[in-house]
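This report refers to the structure that appears directly beneath it.
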Amino acid sequence: MTHRSTRRTVILATGASALLAGCSQYGDGDSSSDASPKASSGQQLATTGDIPVGGGTVFKDQKVVVTQPAKGDFKAFSAVCTHQGCLVDKVTDGTIDCPCHGSKFSVEDGAVKAGPAPRPLPAEKITVQGNSIRLA
């Protein structure tokens, strides 16, 4: 028995593929397969004076947020929310905030302070040399 593709079969298969692709969430699964652009290693993000103590700065193009929980203690996290992949947009009152569904993360360790995010923000590697903060 030979099976021949009809226009209806092709349209249904294409529609099903598009529907399934639309249901996937950015940032889910293994981060090594994440095709999101990252800043190149060694790229300067900011100076130490750019990051407020107790706060932080979101670098949207690099998808990184850098915080300074205590004077001279700099941390970096992915700026991609672990809920549905939106980018966090601000650091306020000791939390890194996502505008999409209200998730909040700690500036100290990226831990979830308010859901619906299911996981902390993954740490990113930075180096601080003099007053320069760079991606490691």
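The values are calculated or read from the model by the stated rules, or taken from the named source; none is laboratory data. This structure is a prediction, so every number in the text was calculated from the model and none was measured. Positions of Cβ are generated from backbone atoms using ideal geometry, with glycine treated the same way; all protein chains shown enter the neighbour counts. With ligands, DNA and RNA removed, areas are computed over all heavy atoms of the protein, side chains included. Shrake-Rupley method; radii C 1.70, N 1.55, O 1.52, S 1.80 Å.
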- For the range 80-94, name all the residues that are over 19 Å from T47 (Cα atoms) and open to solvent by 40 Å² or more (accessible area, probe 1.4 Å). H83, Q84, L87, D89, T92, D93
- Would you say Q62 is open to solvent by less than 80 Å² (accessible area, probe 1.4 Å) and either modelled with pLDDT of 95 or more or not small (G, A, S) (or both)? yes
- Query: How many residues does the range 69-86 contain that are in a strand (DSSP E or B) and under 17 Å from V112 (Cα atoms)?
  - Reply: 6
- Query: For the range 95-135, what are the residues that are under 11 Å from G56 (Cβ atoms) and either of a type in the set (S, T, N, Q) or surrounded by fewer than 16 Cβ atoms within 10 Å (Cβ to Cβ) (or both)?
  - Reply: T95, S106, E108
- Task: Please determine, by comparing only the residues of the range 34-59 that are of a type in the set (A, V, I, L, M, F, W, C), open to solvent by 10 Å² or more (accessible area, probe 1.4 Å) and in a loop (DSSP other than H, G, I, E, B), which one is modelled with the highest pLDDT.
- Result: V53
